[in-house]
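Comments concern the structure below.
The values are calculated or read from the model by the stated rules, or taken from the named source; none is laboratory data. Not measured: the values here are computed from a predicted model. Don't worry about glycine lacking a Cβ; one is built from the backbone with ideal geometry, like all the others, and counts go over all protein chains shown.
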Amino acid sequence: MSALTDALAPPPGLLSAEASTHVRPGRPDWWFLAITAVLVIIGLMMVFSASGILAERMQADTYYFFKRQLLFAVESAIVLAVAAGLPRSVLHHAHYPALLISFVLLVLCLSPLGDPAKGAHRWIGFGPLRFQPMEFAKIALVLYLAYFMSTKQGIVKSFSKGVIPPFLITGLMCALLLMQPDFGAAAFCAILLFIMCFVGGTRLIYLLASALIASGGAYLLVVAEPYRFRRLLAFRDPFADASDTGYHLVQSFYAFGSGGLWGEGLGAGRQKLFYLPEAHNDFIMAVMGEEAGFVGISLIFMLVAAFFWRGMIIALRQPDLRGRITAFGLLLVPAVSCVLNLAVVMGLVPPKGVPMPFISYGGSSLLGSLICVGLLLNLSRRARI
């Protein structure tokens, strides 16, 4: 078993630590909250810088996207506070209701109640409000997998009872996401499943076999859709078709290359001037690389590292296995998003729409990330000293 698995597994007698004097209730991890707040503030600054020109042209209001993101941040902060104050009993009984609600919302995306955009059915709209259910489906999946892996330790190594149920639930969720279609979100859920099963103690042979099968399925899905196959070819050599399929990556490279050590200065970037698509969203880190340079990107890397460090401390200090796996899974949601976003903008993986947590424009992404933070703060209130 890996060192990470051993670390998340409870030491002898720890499951009975509920009544132990080593448990310190009522004190959330303020460092974790402070780091999150700094990332959100930097995100607001970058959204303003990256979207001003676009907002002026589309809405005749330079502050349009900034004001919406600020509103999203305030609303998400309120939800964070609610999640942080939930009774532990509510949190530990939320997995099945959250899973059911997520499935219903994903089905609604495919119904006439969905709000299609750019040929995909990933949104649900209520008047002026639109949101992506897949951001909440990730959290629901984490809560379910944490429940299963912690309470079914006696059967988790069994194929029929320990492997099939979580794989079946995740497979159904991935199928609904692929019908939207949202290949990236389906791959994201598969990554969550693989990592949490690994930490939960699933036999490595089952995970390796499932990874091979999933890789084969992903390859077939890519070659079956011409636009996905073109993206893969563009990723291999974006400059070979710099004006079409490789355009996003080429412009992202130009942005990073222009930034140098100190950057062009906040607001002084040129790639956001309708050269770099999704400059305020998926490729916002390229804008930051151009305007803040290597120093600014390094600051983000340090803040993200500190965020994950404090999150791991919360997970490792939980007094029971379920708390540890739940905290680790909730930390995975922004962690995997962060890694995938940076990998895309730096040309390490094929382009796919994955926002940068806390920084990219978008209410659903910010709300989902801050829900994870709120639940982690909730868990940190009952951490061991």
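List of remarks:
- Checking each residue in the range 188-204 for being in a helix (DSSP H, G or I), touching a residue at least 40 places away in the same chain (Cβ under 8 Å) and not aromatic (Phe, Trp, Tyr) picks out Cys189, Ile191, Leu192, Leu193, Ile195, Met196, Cys197, Val199, Gly200.
- Pair list, Cβ < 9 Å and 6+ apart or interchain, from the range 368-381 residues that are on the phi < 0 side of the Ramachandran plot to residues that are of a type in the set (Asp, Glu) and outside any loop (DSSP other than H, G, I, E, B): Gly368/Glu135; Ser369/Glu135; Ile371/Glu135
- Check on Asp115, surrounded by 14 or more Cβ atoms within 10 Å (Cβ to Cβ) and at pLDDT below 85: yes
- Which listed residue, of Ala98, Ala146, Ala81, is of a type in the set (Gly, Ala, Ser) and in contact with a Ser or Thr (Cβ under 9 Å, 6 or more places away or on another chain): Ala146
- Taken together, the criteria exclude Glu56 from residues that are surrounded by fewer than 16 Cβ atoms within 10 Å (Cβ to Cβ), touching a residue at least 24 places away in the same chain (Cβ under 8 Å), charged (D, E, K, R) and in a helix (DSSP H, G or I).
- Within the range 269-326, the set of residues being over 21 Å from the mean Cα position of the chain (by Cα), of a type in the set (Phe, Trp, Tyr) and part of a loop (DSSP other than H, G, I, E, B) comprises Phe274, Tyr275.
- Flag for Pro334 being of a type outside the set (A, V, I, L, M, F, W, C) and in contact (Cβ under 8 Å) with a residue 40 or more places away in the chain: no
- Residue match in the range 348-362 (condition: surrounded by 23 or more Cβ atoms within 10 Å (Cβ to Cβ), more than 21 Å from Phe72 (Cα to Cα) and touching a Phe, Trp or Tyr at 6+ places or on another chain (Cβ under 9 Å)): yes
- The conditions of being more than 26 Å from Phe194 (Cβ to Cβ) and assigned to a loop (DSSP other than H, G, I, E, B) are met by Ser111.
- Taken over the range 125-157, the criterion of being over 17 Å from the mean Cα position of the chain (by Cα) and surrounded by 19 or more Cβ atoms within 10 Å (Cβ to Cβ) is satisfied by Tyr147, Phe148, Met149, Ser150, Val156.
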